[in-house]
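The values are calculated or read from the model by the stated rules, or taken from the named source; none is laboratory data. All values reported here derive from a predicted model rather than from experimental measurement. Here Cβ is always computed from backbone atoms with ideal geometry, including for glycine, and neighbour counts include all displayed protein chains.
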Amino acid sequence: MKFRKAGLAAASVLTLALTVSACGDGGKKDSGSGGTDGGGKDSIKIGIKYDQPGIGQKTPDGFAGFDVDVATFVAKELGYDEKNIEFVETPSADREQALSRGDVEFIAASYSINDEREKLVDFAGPYLLAHQDLLVAADSDIAKGTDLNGKNLCSVTGSTSAQNVKKTIAPKANLKELSTYSECIEGLASGSIDALTTDDSILAGYASQPANKGKFKLAGLKLSNENYGIGVKEGNTELKDKINKALEKMVADGAWDEAVKKNFGPANYKNEPAPKIGNIVK
Ligand code: GLU
């Protein structure tokens, strides 16, 4: 695995060197002395989603969601004060680049671990096991993956859900790939989209929003296993190991359960138990 990754990493380093003249480093130098190796621990930039209720959401009061709580716990374990965390939006299609450019130190953004991505970044975790599902209108008769063929389906560019639809679930669906799931929700509400597909953890959050109550339903299909990991820059094993320790602690001391209850409870999302670090369910 490491050899395969080394070639690609070298290629991407070269590309980066050619295209990026001055790049960030996850915020460490912004404030002079922070970072993961001791020092001032002044600030840290963390990639999250901004528009996924229950997972990662920017609200008028700040940031909320399971990923936000996981990221905050981890950052504290790494030595950062909560007030010195800077959350940065990392859309699905930009996560690998955000890490290799050094825009953020790590990413907790419904980020599934898979072989393609592991060629470009390293993952701590997993810290949640979700499954791909469908969100449809409350009166829809779409009930299984193959019902999607010929239907207008929406997902997000750069997501595993979009890939799975094209490869296996419904290659004949008319798949529209947008940049956020919120845009898909608008299409579903207006009727221009027949179904939205992504992780059940995300869909449950949207379905439970006050504005959406009663309008949509989840099909309840487990179309894939989505093992959420925390992405770090390729080769940053030291940070990955520290994050894994923090995640283990989060589960052991009950903070993981609390975060689940707080963030998934309102959506009535039935989560899987906490995964063991390194145990990726294929
Ligand atoms: N977990 C899936 C992925 O990483 C879908 C959710 C997302 O787009 O963030 O692609």
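Here is how the numbers come out for the structure above:
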| read-out | value |
| --- | --- |
| Test set (1) farther than 14 Å from residue 138 by Cβ; (2) modelled with pLDDT under 95 - residue 214 fails condition number | (1) |
| Subset of region 184-218 that is within 16 Å of residue 110 (Cβ to Cβ) and of a type in the set (Asp, Glu) - its residue that is nearest to the ligand (Cβ to nearest atom) | 199 |
| Matching entry among 279, 268 (being part of a loop (DSSP other than H, G, I, E, B), surrounded by fewer than 15 Cβ atoms within 10 Å (Cβ to Cβ) and either hydrophobic (A, V, I, L, M, F, W, C) or on the phi > 0 side of the Ramachandran plot (or both)) | 268 |
| Residue among 155, 224 that alone is touching a strand residue (DSSP E or B) at 6+ places or on another chain (Cβ under 6 Å), within 12 Å of the ligand (Cβ to nearest atom) and farther than 30 Å from residue 248 by Cα | 155 |
| Test: residue in region 151-161 that is surrounded by fewer than 17 Cβ atoms within 10 Å (Cβ to Cβ), modelled with pLDDT of 95 or more and either more than 22 Å from residue 55 (Cβ to Cβ) or of a type in the set (Val, Ile, Thr) (or both) | yes |
| Some residue of region 231-246 being within 14 Å of the ligand (Cβ to nearest atom) and touching a helix residue (DSSP H, G or I) at 6+ places or on another chain (Cβ under 8 Å) | yes |
| From the options 107, 142, residue that is within 22 Å of residue 89 (Cα to Cα) and either touching a residue at least 12 places away in the same chain (Cβ under 8 Å) or surrounded by fewer than 24 Cβ atoms within 10 Å (Cβ to Cβ) (or both) | 107 |
| Some residue of region 85-94 being crowded, with 19+ Cβ neighbours inside 10 Å, under 12 Å from the mean Cα position of the chain (by Cα), among the aromatic types (Phe, Trp, Tyr) and modelled with pLDDT of 95 or more | no |
| Selection status of residue 18, modelled with pLDDT of 95 or more and either within 14 Å of the ligand (Cβ to nearest atom) or surrounded by fewer than 17 Cβ atoms within 10 Å (Cβ to Cβ) (or both) | no |
| Unique residue being over 19 Å from residue 42 (Cα atoms) and within 12 Å of the ligand (Cβ to nearest atom) when the list is 161, 100 | 161 |
| Where residue 277 falls short, out of the listed (1) within 16 Å of the chain's Cα centre (by Cα); (2) under 25 Å from residue 124 (Cβ atoms) | (1) |
| Residue 247 assigned to a strand (DSSP E or B) and either basic (Lys, Arg) or within 17 Å of the chain's Cα centre (by Cα) (or both) | no |
| Qualifying positions in region 74-101 - part of a loop (DSSP other than H, G, I, E, B), in contact with a Leu (Cβ under 9 Å, 6 or more places away or on another chain) and farther than 19 Å from residue 245 by Cβ | 90 |
| Residue list for region 49-82, restricted to those being on the phi > 0 side of the Ramachandran plot and buried (at least 17 other Cβ atoms within 10 Å of the Cβ) | 54, 65, 79 |
| Enumerated strands (runs of 3 or more DSSP E) restricted to region 160-243, each holding at least 1 residues that are without any contact (Cβ under 8 Å) to a residue 60 or more places away in the chain | 174-178 |
| Per-region count, region 51-77, residues touching a residue at least 24 places away in the same chain (Cβ under 8 Å) and among the β-branched types (Val, Ile, Thr) | 4 |
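Residues are listed down the side, and each one gets a yes or a no for (1) over 20 Å from residue 176 (Cβ atoms); (2) among the basic types (Lys, Arg); (3) more than 16 Å from the ligand (Cβ to nearest atom):
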| position | (1), (2), (3) |
| --- | --- |
| 114 | yes, no, no |
| 129 | yes, no, no |
| 132 | no, no, no |
| 137 | no, no, yes |
| 143 | yes, no, yes |
| 149 | no, no, yes |
